[in-house]
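Read through the structure below, which is laid out as structure tokens, and then see the notes.
Values quoted throughout were computed directly from the atomic coordinates according to the rules given, and no laboratory measurement underlies them. This structure is a prediction, so every number in the text was calculated from the model and none was measured. Neighbour counts run over all protein chains shown; Cβ positions are idealised from the backbone, glycine included.
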Amino acid sequence: MMTESQQKVYDCVAEYITDNGYAPTVRQIGEILGYSSTATVQQHLKALVEKGYLQGAGRTLAPVDAGGVG
């Protein structure tokens with residue numbers, strides 16, 4: 001189960017990929033969501049990968065199941 005913050009990061013990544021065809025950078029996610037620390041974004045991304053919601057890293061991040069997660 002995702003936390004509310006993890007859900008926001010997941011949604012940000014999924015929407016960015018839909019709009020641009022590739023994943024946002026950690027810095028871009030932070031700017032979009034208003035996080036001042038890239039470490040916070042990285043913690044959320046790491047948790048989402050460990051929980052199986054995202055796969056890959058950096059610009060290769062992708063939702064594991066974009067149709068049914070969230």
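Each helix, a run of at least 4 DSSP H residues, gives -39500 (n - 2.57); summed and divided by the residues of the chain, these come to -17000 deg cm²/dmol at 222 nm.
A dipole drawn for the stretch 4-59 from +1 and -1 charges on Cβ atoms has a positive end, and of Gly21, Ser36, Ala57 the residue lying farthest that way is Ala57. For the stretch 4-59, what mean projected area does the convex hull of the alpha carbons give, in nm²? Taking a quarter of the hull surface, the average projection is 3.4 nm².
Panel order for Val64, Val41, by other beta carbons found within 10 Å of each beta carbon, from fewest to most: Val64, Val41. Under the combined filter of DSSP loop state and at most 15 neighbouring Cβ atoms within 10 Å, the chain retains these chymotrypsin sites (Phe, Trp or Tyr not before Pro): Tyr22. The residues packed around Tyr10, meaning those with a beta-carbon under 12 Å from its beta-carbon, carry a net charge of -2 if Lys and Arg are +1 and Asp and Glu are -1. Taking R0 as 25 Å, what FRET efficiency do you get between Glu50 and Thr25 from their Cβ-Cβ distance, rounded to the nearest 0.05? Calculated transfer efficiency: 0.80. A simple charge model with +1 on the Cβ of Lys and Arg, -1 on the Cβ of Asp and Glu and nothing else charged puts the dipole of the chain at about 220 debye relative to its Cα centre.
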